[in-house]
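The next block holds one structure in the form of structure tokens; read it before the comments.
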Amino acid sequence: MTLTLAFGQLRYVNKAFWRNPPAAFFTFAFPLMFLVIFTSLLGHGTVDLGTRSINVSTYYVASMGAFSLISACFTNLALSISFQRDTDILKRLDATPLTRAAYFTSRVVHALFISILLVAITAAFGAAFYHASIPGGVTLLRFVIVLLVGGASFSALGVAATIAVPNANAGPAVINALILPLLFLSGIFIPLGNHAPAWIMWVARIFPVRHFALGMQSAFVGTSFHWSDVLVVALWGLGALLVAARYFRFEPRR
Amino acid sequence: MHLPATSVEDIDLAIRVSGLEKSYGAVRAVRGLDLEVSRGEIFAILGPNGAGKTTTIEILEGYRTRDRGEVSVLGVDPGTHRRDLKARIGIVPQSASSDPFLTVEETLQMYAGYYRTPRSVDELLRLVGLEEKRSSRVQRLSGGQQRRLDVAIALVGDPELLFLDEPTTGFDPSARHEAWSVVRSLAQLGKTVILTTHYMDEAQHLADRVAVVAAGRVVALGTPDTLGARDVSMADIRFRHDITAVPSSFEPASDDSGYVHVRATDVTRTLYELTRWALEHDVELEGLQVLRPTLEDVYLRLVADAEGATT
């Protein structure tokens, strides 16, 4: 029943997404734009990842793949749900037999769908212009697991983050304040290399962004894959799910 | 309307509330409210802001928990059976919106998908008069059109009971009359309608019965014509004449606009005596009128009394 409802709902989530061109455009354009900008600015050197040294441009394909999933699942979902909550759309849905589980399933599945599209575009772009390898075989399977676990976890974190959003106008500020510093401290925009300050490495180790990015790297760059990275991301997702289940409200805070 | 004796099994009642209480911190929003609404009735709840109207409605809808009291909506407790109730009630909230990027038709189809036996979308569009807007995006609708879409959304699950929370606030007069005709057509479908409003004329036009809520309680209950003993309370007879010529036995009073006023409990008798005096003395009672207190007069008096009693 919940699944039928969720997939019925998915059609409308998708329609509404594409009919808001600025949001759809930025979701898709940002990762590619950043990829081109960063590689143009910094893409001529190499970056040390443990014992290996790889092209910065290839590094950015993996980073921007991670960034695009985080944008679609965390940032987009948090902003869109805050907006729906603030405009009483959620309160009205809550008055219908649409279950909360079905609503969230439709939102998360859609965010995952957009993420996979984005990561595929980034990978194709990276393979065409920046020598990134397209994963295949066992690597592809692991890559899909990283994507699904990452997508589910960052979606749960996005839903949990809306609890910190007092109203939809404050949404972009609050959500970016939560995620942007972490993206920098996790080496998404500027590679951490082997010589980053210890406190930054600790922040990167604790939060899920770097672990997720490492998972993406193993697929695109061929660095070693660790299940522990997937586990950390999954644990964060589980924690976020519990927080959201306890504190998420369908009504605006007024 | 005569109400039958109540029992939990009573299938003629859509809503039964007794001794309802709800506080927000130190604020006692609802203080022992009793209410019974029959099936098929259009029932209006009037009251000033902060009287506990919306809190009461939201407890009935299942949005809020209650502190104390008995509540039965369509035979079940909304506090414990909210899920069952969701398929059987429709809600037009005070402030509502739906996804701005979907069309009117898509929006209704989406909501229809949540129910086992939804009404047909075409039929709903006809009922609320949005057939020509079916392909318009919600963001391009006028305020009145959006409100009509709200009503259509509330009806899509073919509910037995409909809550309308200030349905026409912010409407222009013609949009209000359109909305009223929609509500009347709902009653013809056999729905029970609970309506909150600030507009006396809305209650007068639509409601079978009216409850005035003030300071968290029902302070008066009746049909719009009999509320607060409006039909039997003292009437005001007025006409234009020289007040010194009117016999003092009528206890006439004058006002600024040149009318003479005569207060009457027994209107028929007083009017007969007045007109007999006029005919005998060949006096023309220019602009003769019998005035009853309006629903608004009664409402304002009831609310002032209730608020005076609690402060």
For this session: May I ask you to list the residues in segment B:81-93 that are among the charged types (D, E, K, R) and facing another protein chain (nearest Cβ under 9 Å)?
Result: B:Arg83, B:Lys86
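If you go through segment B:19-40, how many residues are surrounded by 21 or more Cβ atoms within 10 Å (Cβ to Cβ) and not β-branched (Val, Ile, Thr)?
Summing the residues that are surrounded by 21 or more Cβ atoms within 10 Å (Cβ to Cβ) and not β-branched (Val, Ile, Thr) in segment B:19-40 gives 5.
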Seminar exercise, completed: Across (1) assigned to a helix (DSSP H, G or I); (2) surrounded by fewer than 20 Cβ atoms within 10 Å (Cβ to Cβ), B:Ser135 clears everything bar (1)
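If you take the residues of segment A:136-192 that are of a type in the set (Phe, Trp, Tyr) and part of a helix (DSSP H, G or I), which of them is nearest to the chain's Cα centre (by Cα)?
A:Phe154
Quick one: which residue in B:Leu127, B:Leu74, B:Leu85, B:Leu108 is modelled with pLDDT of 95 or more and of a type outside the set (D, E, K, R)?
Numbers: B:Leu127 fails: modelled with pLDDT of 95 or more; B:Leu74 fails: modelled with pLDDT of 95 or more; B:Leu85 fails: modelled with pLDDT of 95 or more.
The conditions single out B:Leu108.
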Problem set entry | Whichever residue in segment B:259-283 is surrounded by 11 or more Cβ atoms within 10 Å (Cβ to Cβ) and part of a loop (DSSP other than H, G, I, E, B) and, among such residues, is nearest to the chain's Cα centre (by Cα) | B:Asp266
Exercise. Under the condition of being farther than 27 Å from B:Thr117 by Cα and among the hydroxyl-bearing types (Ser, Thr, Tyr), which residue from segment A:86-137 is surrounded by the fewest Cβ atoms within 10 Å (Cβ to Cβ)?
Worked result: A:Ser133
Problem set entry | Options A:Leu3, A:Leu35: the member that is surrounded by 15 or more Cβ atoms within 10 Å (Cβ to Cβ) and not basic (Lys, Arg) | A:Leu35
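Please verify whether segment B:150-165 includes one or more residues that are assigned to a helix (DSSP H, G or I) and modelled with pLDDT under 90.
Taking segment B:150-165 first, the residues assigned to a helix (DSSP H, G or I) are B:150-155.
Going one step further and asking which of them are modelled with pLDDT under 90, we end up with B:151.
Yes, segment B:150-165 contains a residue that is assigned to a helix (DSSP H, G or I) and modelled with pLDDT under 90.
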Problem set entry | Residue identified as modelled with pLDDT of 85 or more and buried (at least 17 other Cβ atoms within 10 Å of the Cβ) among A:Val13, A:Val47 | A:Val13
For this session: Could you list all residues from segment A:94-109 that are away from chain B (no Cβ under 11 Å) and not basic (Lys, Arg)?
Result: A:Ala101, A:Phe104, A:Thr105, A:Val108, A:Val109
For this session: Please identify the pairs in which a residue from segment B:145-156 that is more than 13 Å from every other protein chain (Cβ to nearest Cβ) and in contact (Cβ under 8 Å) with a residue 12 or more places away in the chain has its Cβ atom under 8 Å from the Cβ atom of a residue that is basic (Lys, Arg) and part of a helix (DSSP H, G or I), counting only partners at least 6 apart or on another chain.
Result: B:Gln145/B:Lys133
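Between A:Ala160, A:Ala152, A:Ala127, which is at pLDDT 90 or above, of a type outside the set (D, E, K, R) and out of contact with any Gly (no Cβ under 6 Å at 6 or more places or on another chain)? First the steps, then the outcome.
Values: A:Ala152 fails: out of contact with any Gly (no Cβ under 6 Å at 6 or more places or on another chain); A:Ala127 fails: at pLDDT 90 or above.
Going through A:Ala160, A:Ala152, A:Ala127 in turn, the sole match is A:Ala160.
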Problem set entry | B:Ala96 within 16 Å of B:Gly144 (Cα to Cα), at the interface with another protein chain (Cβ under 10 Å from one of its Cβ atoms) and either touching a Lys or Arg at 6+ places or on another chain (Cβ under 8 Å) or touching a residue at least 40 places away in the same chain (Cβ under 8 Å) (or both) | yes
For this session: Please give the number of the condition B:Phe43 fails out of (1) away from every other protein chain (no Cβ under 14 Å); (2) touching a helix residue (DSSP H, G or I) at 6+ places or on another chain (Cβ under 9 Å); (3) hydrophobic (A, V, I, L, M, F, W, C).
Result: (2)
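Taking B:Tyr111, is it within 14 Å of chain A (Cβ to nearest Cβ), in a helix (DSSP H, G or I) and aromatic (Phe, Trp, Tyr)?
Taking the combined requirement at face value, the residue satisfies it.
Quick grid of which residues meet (1) under 30 Å from B:Tyr272 (Cβ atoms); (2) surrounded by fewer than 22 Cβ atoms within 10 Å (Cβ to Cβ):
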site	(1), (2)
B:Glu166	no, yes
B:Thr169	no, yes
B:Pro173	no, yes
B:Gly190	no, yes
B:Val193	no, no
B:Tyr199	no, yes
B:Ala211	no, no
B:Thr223	yes, yes
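Kindly indicate which of B:Ser98, B:Ser7 is surrounded by 19 or more Cβ atoms within 10 Å (Cβ to Cβ) and either in contact with a Cys (Cβ under 8 Å, 6 or more places away or on another chain) or modelled with pLDDT under 90 (or both). Spell out how you get there, then give the answer.
Values: B:Ser7 fails: surrounded by 19 or more Cβ atoms within 10 Å (Cβ to Cβ).
Sole residue among the options that is surrounded by 19 or more Cβ atoms within 10 Å (Cβ to Cβ) and either in contact with a Cys (Cβ under 8 Å, 6 or more places away or on another chain) or modelled with pLDDT under 90 (or both): B:Ser98.
Does B:Leu102 satisfy the criteria of being of a type in the set (A, V, I, L, M) and either away from chain A (no Cβ under 12 Å) or touching a residue at least 60 places away in the same chain (Cβ under 8 Å) (or both)? Lay out the reasoning, then the answer.
Working: of a type in the set (A, V, I, L, M): yes; either away from chain A (no Cβ under 12 Å) or touching a residue at least 60 places away in the same chain (Cβ under 8 Å) (or both): no.
Judged against the criteria, B:Leu102 is not a match.
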Problem set entry | Conditions (1) modelled with pLDDT of 85 or more; (2) assigned to a helix (DSSP H, G or I); (3) surrounded by fewer than 24 Cβ atoms within 10 Å (Cβ to Cβ): number failed by B:Val182 | (1)
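Would you confirm, using the coordinates I've provided, whether A:Trp227 is in contact with a Leu (Cβ under 9 Å, 6 or more places away or on another chain), modelled with pLDDT of 90 or more and aromatic (Phe, Trp, Tyr)? Let's see the steps before the verdict.
Numbers: in contact with a Leu (Cβ under 9 Å, 6 or more places away or on another chain): no; modelled with pLDDT of 90 or more: yes; aromatic (Phe, Trp, Tyr): yes.
Considered against the rule, which asks whether it is in contact with a Leu (Cβ under 9 Å, 6 or more places away or on another chain), modelled with pLDDT of 90 or more and aromatic (Phe, Trp, Tyr), A:Trp227 comes out as no.
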Problem set entry | Listing of helices (runs of 4 or more DSSP H) fully contained in segment A:1-93 that carry 2 or more residues being more than 29 Å from B:Ser135 (Cα to Cα) and either within 14 Å of another protein chain (Cβ to nearest Cβ) or free of Cβ contacts under 8 Å to residues at least 40 places away in the same chain (or both) | A:21-42
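Could you look through segment B:56-80, keep only residues that are in contact (Cβ under 8 Å) with a residue 60 or more places away in the chain and outside any strand (DSSP E or B), and pick out the one that is farthest from the other protein chains (Cβ to nearest Cβ)? Steps first, please.
Filtering segment B:56-80 for residues in contact (Cβ under 8 Å) with a residue 60 or more places away in the chain gives B:56-57, B:60-61, B:72-75.
Narrowing further to those that are outside any strand (DSSP E or B): B:56-57, B:60-61, B:74-75.
Working: B:Thr56: 16, B:Ile57: 12, B:Leu60: 12, B:Glu61: 7, B:Leu74: 15, B:Gly75: 18 Å.
Here the residue is B:Gly75.
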Problem set entry | Residue selected from segment A:109-126 under the condition free of Cβ contacts under 8 Å to residues at least 40 places away in the same chain and small (Gly, Ala, Ser), by the criterion farthest from A:Ala23 (Cα to Cα) | A:Ala124
Exercise. Within segment A:194-203, is even one residue touching a residue at least 40 places away in the same chain (Cβ under 8 Å) and either of a type in the set (A, V, I, L, M, F, W, C) or assigned to a helix (DSSP H, G or I) (or both)?
Worked result: no
Problem set entry | Pairs, first under 27 Å from B:Ala207 (Cα atoms) in segment B:271-297, second assigned to a loop (DSSP other than H, G, I, E, B) and not charged (D, E, K, R), C-beta under 6 Å, six or more apart | B:Leu295/B:Pro224
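The values are calculated or read from the model by the stated rules, or taken from the named source; none is laboratory data. Since we're looking at a predicted model, the values are computed, not measured. Here Cβ is always computed from backbone atoms with ideal geometry, including for glycine, and neighbour counts include all displayed protein chains.
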